[in-house]
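Computed from the coordinates by the stated procedures, all read-outs in this text should not be read as laboratory data. Nothing here was measured: the structure is a model prediction, and the numbers come from that model. For neighbour counting, all protein chains shown are included, and Cβ atoms are generated from backbone atoms with ideal geometry for every residue, glycine included.
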Amino acid sequence: MRIIELTITLEDIDPAVTRSLQVPADIRLDRLHLTLQAAMGWTNSHLYMFEAGGTTWGLPDPDFGGDDLPANKTTLARVIEDTGASTITYLYDFGDSWEHKIRIGATGEPVPGALYPRLTDIAGRCPPEDVGGVPGYEAFLEAIGDPGHPEHADLRTWYGGEFDPNIPESDELRLDVLKLAKRWQPKKKPIN
């Protein structure tokens, strides 16, 4: 098994929201999606799509149509090999249009005893779900950061408390990624 280092940046957000992950090269894109959801702090409540080299992968929707290839039939290594991509775009929530750039980093051997995927670095807190994309998030930050703002109290109630965009919930994010790694850990063969 080979491990690929990824740096994920949520585009057009200030302060910056980035994550560093180490994932198996053979991770399927549907599992990479779940890993990104856990690492970023999203709730997996919306559709998603990966794009590289003019090809897209996601969840084919028979009602909507579209040309997305099935994410559960493609691995990260295959996308990199087939497209030659050094970056992949991950779009989450087609309404809010959260665009993430995934930069492909070094490839290496796994650390003995380590579980993968593994969240190695975290910066910034992800915007709340359904906040209205980049413009809605900017308005949210302005209102939530100003107790005198007319929407401050309503947004605090909607969000469920205070929000600091600089302080991610690091322990929770690492635990959520670790849970996936444990669930996907290869099963040990019984000794006869």
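A search for C-beta distances below 6 Å between a residue of segment 122-140 that is touching a residue at least 40 places away in the same chain (Cβ under 8 Å) and any residue that is of a type in the set (S, T, N, Q) and part of a helix (DSSP H, G or I), counting only pairs 6+ apart in sequence or on different chains, returns ILE122/SER170. I'd like the full set of residues that are over 25 Å from SER45 (Cβ atoms) and either loosely packed, with under 14 Cβ neighbours inside 10 Å or acidic (Asp, Glu) (or both), limited to segment 70-86. Residues satisfying the conditions are GLU81, ASP82, GLY84, SER86.
Look at (1) surrounded by 13 or more Cβ atoms within 10 Å (Cβ to Cβ); (2) touching a strand residue (DSSP E or B) at 6+ places or on another chain (Cβ under 8 Å); (3) charged (D, E, K, R) and you find that ASP96 fails only one, number (2).
When segment 99-123 is limited to residues that are more than 13 Å from the chain's Cα centre (by Cα) and not in a strand (DSSP E or B), the one that is nearest to LEU141 (Cα to Cα) turns out to be TYR116. Looking at (1) surrounded by fewer than 15 Cβ atoms within 10 Å (Cβ to Cβ); (2) of a type in the set (Ser, Thr, Tyr); (3) closer than 16 Å to LEU21 by Cα, which one does TYR116 not meet, given that it meets all the others? Only one criterion in (1) surrounded by fewer than 15 Cβ atoms within 10 Å (Cβ to Cβ); (2) of a type in the set (Ser, Thr, Tyr); (3) closer than 16 Å to LEU21 by Cα is unmet by TYR116, namely (1).
For segment 74-83, state whether one or more residues are over 17 Å from ARG28 (Cα atoms) and outside any strand (DSSP E or B). No.
Taking segment 84-98 as the range and being within 18 Å of PRO24 (Cβ to Cβ) and part of a strand (DSSP E or B) as the test, the residues that pass are ILE88, TYR90. The residues of segment 17-39 that are among the acidic types (Asp, Glu) and in a helix (DSSP H, G or I) amount to a single one, ASP30.
Selection of segment 130-147 for residues being assigned to a helix (DSSP H, G or I) and under 16 Å from GLY161 (Cα atoms) yields TYR137, PHE140, LEU141, GLU142, ALA143, ILE144.
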